[in-house]
Amino acid sequence: MTTTAPKPTTRRSEDPVELESEVRSYSRGWPAVFTHAKGSVLTAEDGREYIDFFAGAGTLNYGHNHPELKKVVIDHFVEDRVVHGLDMFTDVRRQFLQTFDEKILQPRGLDYKVAFPGPGGANAVEAALKLARKVTGRESVVSFTNGFHGMTLGALSVTGNSMKRGGAGIPLVHATPMPFDDYFGQIVPDHMYLERLLSDGGSGLNKPAAVIVETVQGEGGINAARAEWLRGLAALCAEHEILLIVDDIQMGCGRTGGFFSFEEAGIVPDMVTLSKSISGYGMPLALTLIKPELDIWEPGEHNGTFRGFGPAFASATAAIDLFWSDDEFEKVTIAKGAYVESRFNQIAARFEEHELIVKGRGLARGLQLPSGELAGQVAAQAFEEGLLVETSGPDDEVVKLLPALTIPEEQLRAGLDIIEKAVAEALGA
Ligand SMILES: *Cc1c(COP(=O)(O)O)cnc(C)c1O
């Protein structure tokens, strides 16, 4: 008996990109094939250069292929150092821990244990939520409107965006959203709602294990919480013995100026998540920082195959040595952020009748347009002019600036000129 082999399915096109799932997203707004990247410039196959105001969504705070970090990574491979080692002791792992302690934690008077929860940000969030539940024996977690914490189920449950939540396909439970700073436009006293629910036995709010918060909501539209609001939240958590988790995955590693985004408010979270720029070179690495008394995990209770990528430890250590041995880098970031803010204020003043809103802190800045459509036009026009800039916010109405912190001033100025022109065009002005 002969059987005929099943006919191979025909692909819609000869173009290999068609093989990729429809889930791809950034390549839709930026339909170029990139081949090279250096500092704050990406080069496409056709030779076009683009100024990068995106920086891998905050993964490339020190720019693309920083020469000194690159050398460390190349040496790691050339010398046959350990690339993959689960959580075995390696010299680069030890060196990273020592440098992180000496140059980041100790100078800030912070006492944390470091867990490596897996390669990405969502891994760090999941680990923090799991540990908070284990420590407190409680289930529920309080999150904030327009928060973003990643795409795994636990992280999605504390994420606001309805489209992303919908992707879960099952109910996302054990999380309660509360209003972020300024949600009611300053007409409601800070934390009034949360405070009332926590102290009212009839509120229906199960006592939470933890509160998870971003000090500046990146994906949520560059919403910067005021320092007083963060201090109020920390005080409320302490009063009710609720753990405070700061998700510093996008806003940490110097994005807002200081290494941690919560330094300015003077609060000390119980746990902190870091990922994106911690390796310094765009390589996967994530950390969950835990106050020592909370570190009640059994060995192996949280696990993962990729929890210590040798070259990422090497570049992370080098990045801390290079940028965080003094406060020079922080000062430059704050100055660049102030420049972006002043340019955005000028744009908002120029188009006053459109009521543009200037948002952000440090080098995380946003310009809110009257609609997502208009912000999308600005980003699309910017791409045509050779600038990569994305939009964020519940309706994608915010043009979101996240350039490398190392961006040269001329490129920062050139990119802002492109944005100003694109805004003028989108508003028909
Ligand atoms: C990017 C991000 C995450 C998720 O990190 P992944 O590496 O994409 O899993 C979580 N929280 C914040 C604030 C982020 O910006």
Sole exception among (1) of a type outside the set (S, T, N, Q); (2) assigned to a helix (DSSP H, G or I); (3) closer than 29 Å to Leu194 by Cα for Ile320, by number: (3)
Can you confirm whether Thr391 is hydroxyl-bearing (Ser, Thr, Tyr) and without any contact (Cβ under 8 Å) to a residue 24 or more places away in the chain? yes
Using the structure shown, decide if Lys207 is of a type in the set (D, E, K, R), over 18 Å from Thr288 (Cβ atoms) and away from the ligand (no atom under 12 Å from the Cβ). yes
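Do we have Arg361 as farther than 20 Å from Gly415 by Cβ, in contact with a strand residue (DSSP E or B) (Cβ under 9 Å, 6 or more places away or on another chain), crowded, with 19+ Cβ neighbours inside 10 Å and of a type outside the set (Ser, Thr, Tyr) here?
Considered against the rule, which asks whether it is farther than 20 Å from Gly415 by Cβ, in contact with a strand residue (DSSP E or B) (Cβ under 9 Å, 6 or more places away or on another chain), crowded, with 19+ Cβ neighbours inside 10 Å and of a type outside the set (Ser, Thr, Tyr), Arg361 comes out as no.
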Any idea which residue in the stretch 132-152 is nearest to the ligand (Cβ to nearest atom), counting only those that are more than 18 Å from the chain's Cα centre (by Cα) and of a type in the set (A, V, I, L, M, F, W, C)? Val141
What number goes with the only condition from (1) surrounded by fewer than 24 Cβ atoms within 10 Å (Cβ to Cβ); (2) touching a residue at least 12 places away in the same chain (Cβ under 8 Å) that Gly201 does not pass? (2)
Residue pairs qualifying under the 7 Å Cβ cut-off, at least six apart or on distinct chains, with the first in the stretch 105-123 being modelled with pLDDT of 95 or more and in a strand (DSSP E or B) and the second being of a type outside the set (A, V, I, L, M) and surrounded by fewer than 17 Cβ atoms within 10 Å (Cβ to Cβ), are Lys113/Pro292; Lys113/Asp295
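Quick check: anything in the stretch 143-164 of a type in the set (D, E, K, R) and touching a helix residue (DSSP H, G or I) at 6+ places or on another chain (Cβ under 6 Å)? Can you show your working first?
Step one: list which residues in the stretch 143-164 are of a type in the set (D, E, K, R), which gives 164.
Still in the running and touching a helix residue (DSSP H, G or I) at 6+ places or on another chain (Cβ under 6 Å): none.
Checking the stretch 143-164: not a single residue is of a type in the set (D, E, K, R) and touching a helix residue (DSSP H, G or I) at 6+ places or on another chain (Cβ under 6 Å).
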Among the residues listed as Asp101, Asp80, Asp87, the single one being in a loop (DSSP other than H, G, I, E, B), more than 30 Å from Gln411 (Cβ to Cβ), free of Cβ contacts under 8 Å to residues at least 60 places away in the same chain and not assigned by TED's automatic domain parsing to the domain that holds Val33: Asp80
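Does the stretch 135-144 contain any residue that is in a helix (DSSP H, G or I) and under 21 Å from Gly58 (Cα atoms)?
Kept after step one, since they are in a helix (DSSP H, G or I), are these residues of the stretch 135-144: 135-136.
Filter again for under 21 Å from Gly58 (Cα atoms), leaving none.
No: zero hits.
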Of all residues making up the stretch 107-130, the number that are more than 12 Å from the ligand (Cβ to nearest atom) and of a type in the set (S, T, N, Q): 0
Of everything in the stretch 262-275, what is of a type outside the set (Asp, Glu), more than 10 Å from the ligand (Cβ to nearest atom) and assigned to a loop (DSSP other than H, G, I, E, B)? Give them in sequence order. Phe262, Gly266, Ile267, Val268, Pro269
Determine whether Ala175 is surrounded by fewer than 18 Cβ atoms within 10 Å (Cβ to Cβ), over 20 Å from the mean Cα position of the chain (by Cα) and within 15 Å of the ligand (Cβ to nearest atom). no
With Ile212, Ile278 as the choices, which residue is closer than 28 Å to Gly372 by Cα, within 16 Å of the ligand (Cβ to nearest atom), at pLDDT 95 or above and assigned by TED's automatic domain parsing to the domain that holds His149? Ile212
Of the candidates Ala122, Ala175, Ala155, the one satisfying the condition of being assigned by TED's automatic domain parsing to the domain that holds Gly220, touching an Asp or Glu at 6+ places or on another chain (Cβ under 8 Å) and of a type outside the set (Phe, Trp, Tyr) is Ala155
Quick one: what pairs do we get from the stretch 146-159, first residue assigned to a loop (DSSP other than H, G, I, E, B), second hydrophobic (A, V, I, L, M, F, W, C) and within 8 Å of the ligand (Cβ to nearest atom), C-beta under 7 Å, 6+ apart or different chains? His149/Val125; His149/Ala155; Gly150/Ala122; Gly150/Val125; Met151/Ala122; Thr152/Ala122; Thr159/Phe148
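Is it true that some residue in the stretch 221-236 is of a type in the set (A, V, I, L, M, F, W, C), part of a strand (DSSP E or B) and at pLDDT 95 or above?
Just the residues of the stretch 221-236 that are of a type in the set (A, V, I, L, M, F, W, C), to begin with: 222, 224-225, 227, 229-230, 233-236.
The next check asks that each one be part of a strand (DSSP E or B); those that pass are 224.
Next, from what is left, pick out any that are at pLDDT 95 or above: 224.
Scanning the stretch 221-236 turns up at least one residue that is of a type in the set (A, V, I, L, M, F, W, C), part of a strand (DSSP E or B) and at pLDDT 95 or above.
The values are calculated or read from the model by the stated rules, or taken from the named source; none is laboratory data. If you're wondering where the values come from, they're calculated on a predicted model, not measured in any experiment. Cβ coordinates were reconstructed from backbone atoms using ideal geometry, including for glycine residues, and neighbour counts include every protein chain displayed.
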